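The values are calculated or read from the model by the stated rules, or taken from the named source; none is laboratory data. Since the structure is predicted, the reported quantities are computational estimates derived from the model, not experimental observations. With ideal geometry, Cβ positions are generated from the backbone for all residues, glycine too; neighbour counts draw on all protein chains shown.
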There are 2 protein chains.
Amino acid sequence: MRPAPFIPVIPAGGAGTRLWPLSRRARPKFLLDPTGTGRSLLQGTVARLAPLADRPALVVTGAGHADAVREQLAGGAVGGADVQVLVEPTPRNSMPAIALAAAHAEREDPGAVIGSFAADHLIADETAFARAVTLARAAAEQGLLVTLGITPTHPATGFGYIERSGTERAGGAGAALQEGVLPVTRFVEKPERERAEQFLATGRFLWNAGMFVVRASVLLDELTARIPALGTGAREIAAAHGSAEEQAVLDRVWPTLTSIAIDHALAEPMAAEGRVAVVPADLGWDDVGDFASLAQQLRSAVGAGAVPAVGTAAGDGDVRVVGSAQVDAVSSRATVYGATDRHIALVGLDGISIVDTDDVLLVLADEQAQELTEIVARLEGQGLGHLR
Amino acid sequence: MRPAPFIPVIPAGGAGTRLWPLSRRARPKFLLDPTGTGRSLLQGTVARLAPLADRPALVVTGAGHADAVREQLAGGAVGGADVQVLVEPTPRNSMPAIALAAAHAEREDPGAVIGSFAADHLIADETAFARAVTLARAAAEQGLLVTLGITPTHPATGFGYIERSGTERAGGAGAALQEGVLPVTRFVEKPERERAEQFLATGRFLWNAGMFVVRASVLLDELTARIPALGTGAREIAAAHGSAEEQAVLDRVWPTLTSIAIDHALAEPMAAEGRVAVVPADLGWDDVGDFASLAQQLRSAVGAGAVPAVGTAAGDGDVRVVGSAQVDAVSSRATVYGATDRHIALVGLDGISIVDTDDVLLVLADEQAQELTEIVARLEGQGLGHLR
């Protein structure tokens, strides 16, 4: 049997207000290079998937960001990787975006396996990632919905969890799985702290990083069986691709697609039926979810691209600088994102992130990074919507 | 006997690098209004002394700051108070500056009593200050060098101390003193922490705020006896005042004056001879010595002139804003000095000061405010001398 071609799908959406003012409405997280690696998170995602792909990756993004996405990925800008940009007329959550890409993939090759990966995450261990995707592809060819589950390092309350079966070969789908692939019992939404600790204690829970590998036709058939308008609608749009009616069909059908996340639409119900598998993986994954996680990244190997602070005396502190900012520090552990040419001086800081832009200055304690959303939510009411 | 006229002397000098970048070489602390009262520390000092003065105050400042000083005090700008600005060709510590002023005062009235007070301190209780100065004047008319001693509130290591006699009427000068005036045993330089605690435990030590009240002729005669060139030199410069040779005499004599502090030149040796008295006073005094002390001021009644942060939700933090900055904060206790029109967002800060200027951004933990001097000292070496 000819191996099914693999087509990466990259949903590039999300407001990403937790990295404001680094990220803005018009410049979301996936377009940024927050760790100073020399390429944006989107470009990094494309580059990571290119060696695994049999066809150009399908990047699904909003109308407002399509030009910026095309510009960042133009002409194989990232390691010669070609991509196709699919434009969502309006944001309708992850399922319609992935279904649209699946329908395009299916149209290119009815046997295609797609792998959907967020455009704005970091993965330190690309070899482990490639290995996990290869395992997932094989299981997907068996007709399963396969997810990559991140080995948890702490009882995080900001991620959903995937529970795998206790014994490797028990249960329906489990019987025929390769080593390294396990049946999924259920998906669990973000837990409270205590529950997260219980999850870790069992050794059976993994973080849900929203990575799904599945045959395009399986995804669309399942969807058509469960939410008919979504499955048929996505296929209808893809069928019109390249025709004179393409835009008209998109504009007519897209608003009728149910706005729903892939977890609720497919992953949870299929897991209940024993038709989901997981590849547990230790990838050095990070969703760069807020400034605390970003600061941690910049202190790890992944953040090695970041420029060290100038003038920071040895042993005098631990300051990471992203951007052109000139920083001098005394007794400080801090992260500076500097986009202006001002001299930045730090004294006695411990666990502080600073974003210095032309119109906004943010000073934030990493420990309370989650509370930034309150500030961003208040902007409109303060007549400062233009700063979003 | 006609009461001796009182002439305030205000030495306006000092680099004040501990409030950088709020203060700069060209804009020292005394020209600033760091607590947002509506007038500079210098203007506040002039205004505080005006009701007590029988002649215009003598402001002694460096050549580089004379224009700015004159501008701030022009035409009785401060409550109609007239001042005379004396210009030091080069900085030579406090004794030559005060001696020069004393010689000018003596020339105006041989019986004049001068009171010398730093240009860059805050005093919350002006009534207590006026009362203390009045007591000091009376003692000064008796030929004593009189200092105002600040009742210490904690074992500070950043100030010198004054030890008063244990019993009010013991000792040489003590015998004839008014109630509220006490003989001084000795002056002590900035102590270590443990020693400062011992000082406080005795109840006999006061902070030395550099406030001296003395008959001008006594000061100059004492000086002439101890450091002849200084006493006679100051009188020679003052004698030439208003003449065609004024500038020539100043330029010739000034460089010959010994560069020495009044504490070493007069206060310490005269105390050893029992010829110094102190008026203990609880003035709400603050030398605004660094950002920690400034932050504390802004949280006290004196800082009431400061504009509260906009958008700071009730109970959500305690943010003080000096300047026009627009600040929004979550869970923060911080002080912001904002001179740009950028939006400033704070999250989770505790005891942080932020100075936002066009060319420098400072973020400092108040607890380590003293370490700012390291940053300022490094500027020249980094080719950033223009930011001093």
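Among all positions in region A:360-367, there is at least one residue which is closer than 24 Å to A:PRO152 by Cβ, at pLDDT 90 or above and either surrounded by fewer than 18 Cβ atoms within 10 Å (Cβ to Cβ) or assigned by TED's automatic domain parsing to the domain that holds A:ASP125 (or both). If you filter region A:320-353 down to residues that are β-branched (Val, Ile, Thr) and over 18 Å from B:GLN368 (Cα atoms), you find that the one that is farthest from the other protein chains (Cβ to nearest Cβ) is A:VAL322. Could you tell me whether B:LEU200 is in a helix (DSSP H, G or I) and outside the structural domain of B:GLN297 (by TED's automatic domain parsing)? So B:LEU200 passes the test. Annotation note: of A:GLU179, A:GLU236, the sole residue that is of a type in the set (Asp, Glu), out of contact with any Pro (no Cβ under 6 Å at 6 or more places or on another chain) and either surrounded by 14 or more Cβ atoms within 10 Å (Cβ to Cβ) or outside the structural domain of A:MET270 (by TED's automatic domain parsing) (or both) is A:GLU236. Residue count for region B:70-82 under the criterion of being surrounded by fewer than 16 Cβ atoms within 10 Å (Cβ to Cβ) and within 16 Å of B:VAL9 (Cβ to Cβ): the result is 1.
The residues of region B:159-181 that are under 21 Å from B:ALA265 (Cα atoms) and either modelled with pLDDT of 95 or more or within 23 Å of the chain's Cα centre (by Cα) (or both), listed by number, are B:PHE159, B:GLY160, B:TYR161, B:ILE162, B:GLU163, B:ARG164. Check whether at least one residue in region A:11-25 is in contact with a strand residue (DSSP E or B) (Cβ under 9 Å, 6 or more places away or on another chain), within 25 Å of A:ASP109 (Cα to Cα) and crowded, with 20+ Cβ neighbours inside 10 Å, and report yes or no. Yes, because at least one residue in region A:11-25 is in contact with a strand residue (DSSP E or B) (Cβ under 9 Å, 6 or more places away or on another chain), within 25 Å of A:ASP109 (Cα to Cα) and crowded, with 20+ Cβ neighbours inside 10 Å. Restricting the search to helices (runs of 4 or more DSSP H) fully inside region B:205-301 and requiring at least 2 residues that are more than 23 Å from B:TYR161 (Cα to Cα) gives B:216-226, B:228-239, B:246-253, B:291-299.
Checking region B:52-69 against the condition returns a match, with at least one residue being over 19 Å from the mean Cα position of the chain (by Cα) and without any contact (Cβ under 8 Å) to a residue 24 or more places away in the chain. If you scan region A:334-359, which residues turn out to be surrounded by fewer than 22 Cβ atoms within 10 Å (Cβ to Cβ), at negative phi, under 26 Å from the mean Cα position of the chain (by Cα) and touching a residue at least 24 places away in the same chain (Cβ under 8 Å)? Once the filter is applied, which keeps residues that are surrounded by fewer than 22 Cβ atoms within 10 Å (Cβ to Cβ), at negative phi, under 26 Å from the mean Cα position of the chain (by Cα) and touching a residue at least 24 places away in the same chain (Cβ under 8 Å), region A:334-359 yields only A:THR357. Within region B:354-364, restricting attention to residues that are outside any strand (DSSP E or B) and more than 7 Å from chain A (Cβ to nearest Cβ), the residue that is nearest to B:ALA325 (Cα to Cα) is B:THR357. Every condition in (1) without any contact (Cβ under 8 Å) to a residue 40 or more places away in the chain; (2) touching a His at 6+ places or on another chain (Cβ under 8 Å) holds for A:GLN198 except the one numbered (2).
Scanning region B:370-388 for residues that are more than 7 Å from every other protein chain (Cβ to nearest Cβ) and of a type outside the set (Asp, Glu) gives B:GLN370, B:THR373, B:VAL376, B:ALA377, B:LEU379, B:GLY381, B:GLY383, B:GLY385, B:HIS386, B:ARG388.
Conditions (1) of a type in the set (A, V, I, L, M); (2) surrounded by fewer than 21 Cβ atoms within 10 Å (Cβ to Cβ), marked per residue:
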{"residue": "A:PRO34", "(1), (2)": "no, no"}
{"residue": "A:LEU41", "(1), (2)": "yes, no"}
{"residue": "A:VAL46", "(1), (2)": "yes, no"}
{"residue": "A:ALA68", "(1), (2)": "yes, yes"}
{"residue": "A:GLN84", "(1), (2)": "no, yes"}
{"residue": "A:ALA99", "(1), (2)": "yes, no"}
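Taking the conditions exactly as written (touching a Ser or Thr at 6+ places or on another chain (Cβ under 8 Å) and of a type in the set (A, V, I, L, M)), does B:ALA229 satisfy them or not? Yes; evaluated as a whole, the condition is true for this residue. All told, A:SER293 meets the bar of being within 24 Å of B:SER331 (Cα to Cα), more than 12 Å from chain B (Cβ to nearest Cβ) and at pLDDT 90 or above. When the test is whether a residue is in contact with a strand residue (DSSP E or B) (Cβ under 8 Å, 6 or more places away or on another chain) and touching a residue at least 12 places away in the same chain (Cβ under 8 Å), B:VAL78 does not pass it.
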